[in-house]
Structures are given as C-alpha cells and as structure tokens.
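Take a look at the structure below.
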Amino acid sequence: MKPDQLNYCLIDIPVYVDARGQIVPIEECSTIPFRIARSYHIVGTPVDLRRGDHAHKTLRQFVIAVAGSCGVCLDDGESKISMTLTRPDQGLLIEPLVWHTMHSFSKECVLLVLADQPYDESDYIRDYNDFLQWIRS
Ligand code: T46
C-alpha cells in the first residue's frame, strides 16, 4: 500500500502466474479494506470523454484497469494528484470526499470498480462548489 496525504491508496493485488496465464484475486476485507456490496465495470468510453467528475459522501471504491488504461485525477479540495491506471494487478482505493475524474480511456480499457455500498444517487456530490462546502463543513 502507498498511502498519501490525499485520501487514496494504490494497492498491489497478488498475481498467480503459471503456463496458463495469470490469476489476480481480490478478497474483501483482505486485499481491499471493505466488504464488497457492488461491482460495475466501464467499457467503451471514447478517449476524449470523461467519467466521474464528482465525489461521494460516504462511498469507498476500488478501481482497477483490468484491461487497457485510463487517467485519474483526484482532488480533496486542497491537494490534487494525477495518475494513469495501467495494471490489472494494482487498484486505486478512493475514499469518500475525494473529487475523482477518469479520462483518456484507451480503446480497450475495461475499468472494474468494487464499491462498499449499493448505488445511491443521494451519496453523490456532483457540483464542485458543493463539494468544497462539504469538505469545509
Ligand atoms: C466513478 C466512475 C468510475 C447505476 O444505476 N448504478 C451504478 O452502480 C452506477 C455506477 C451508475 N448507475 C447509473 C446512474 C446513472 O444514470 O448509471 C448512470 C451513469 O452513472 P454515473 O454518472 O455515476 O457514471 P460515472 O461514470 O460518471 O461515474 C461512475 C461512478 O459513479 C463513480 O463513482 O468513480 O464511475
């Protein structure tokens, strides 16, 4: 794990390799620090379009580019960081109240997301000024 001041973490996932290829298992409360309530994956995002552009009030998510790559920008209202997800054996843990934007999806990108809660629109902060108010309150 590589913690940072900004509330995220890059987590290496174990890889089991043999002549048949690789197995990359993710176990809840072990590889990742939460129980998995939901999984979704994103495919077919054009390279010039973005996803995310919001923060969550309480949701924790673990994001893995299981194929291809995409850029990620994280912003906690004070610090910002950009990275590129390129590895099927490393995921990005995004904690609550981190504004996150995914961009520059490669054509073959499959972005797998594991989340600790079911989908709930009321958990989203979709306006950046509202986000700044949230983190200051
Ligand atoms: C994130 C990025 C990578 C559902 O019904 N269930 C779900 O679990 C999700 C994630 C979405 N939806 C519906 C709600 C909207 O009508 O799918 C539509 C698009 O969702 P959203 O605008 O949240 O999509 P993204 O790609 O902007 O964001 C999602 C996650 O919400 C977000 O946290 O990190 O994928």
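The values are calculated or read from the model by the stated rules, or taken from the named source; none is laboratory data. Computed from a prediction, not measured in an experiment: that's the story for all the values here. Positions of Cβ are backbone-derived with ideal geometry, glycine not excepted, and every protein chain shown enters the neighbour counts.
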Turns out the strands (runs of 3 or more DSSP E) fully within region 33-95 with at least 1 residues that are more than 12 Å from the chain's Cα centre (by Cα) and closer than 14 Å to residue 111 by Cβ are 38-43, 61-67
Yes or no: residue 26 surrounded by 13 or more Cβ atoms within 10 Å (Cβ to Cβ), modelled with pLDDT of 95 or more, of a type outside the set (Ser, Thr, Tyr) and assigned to a strand (DSSP E or B)?
-> no
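Checking the conditions here, which among 122, 137 is farther than 24 Å from residue 64 by Cβ and either modelled with pLDDT under 95 or of a type in the set (A, V, I, L, M, F, W, C) (or both)?
On inspection, the qualifying residue turns out to be 137.
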Restrict the check to region 59-79 and report whether at least one residue is of a type in the set (D, E, K, R), modelled with pLDDT of 95 or more and over 14 Å from residue 8 (Cα atoms).
-> no
Only one of (1) of a type outside the set (Val, Ile, Thr); (2) at positive phi; (3) exposed (fewer than 13 other Cβ atoms within 10 Å of the Cβ) fails for residue 68. Which number is that?
-> (3)
Would you please list the contacts, defined by Cβ atoms under 6 Å and residues six or more apart or on different chains, that run from a residue in region 85-110 that is within 11 Å of residue 66 (Cβ to Cβ) and modelled with pLDDT of 95 or more to a residue that is among the acidic types (Asp, Glu) and buried (at least 18 other Cβ atoms within 10 Å of the Cβ)?
-> none
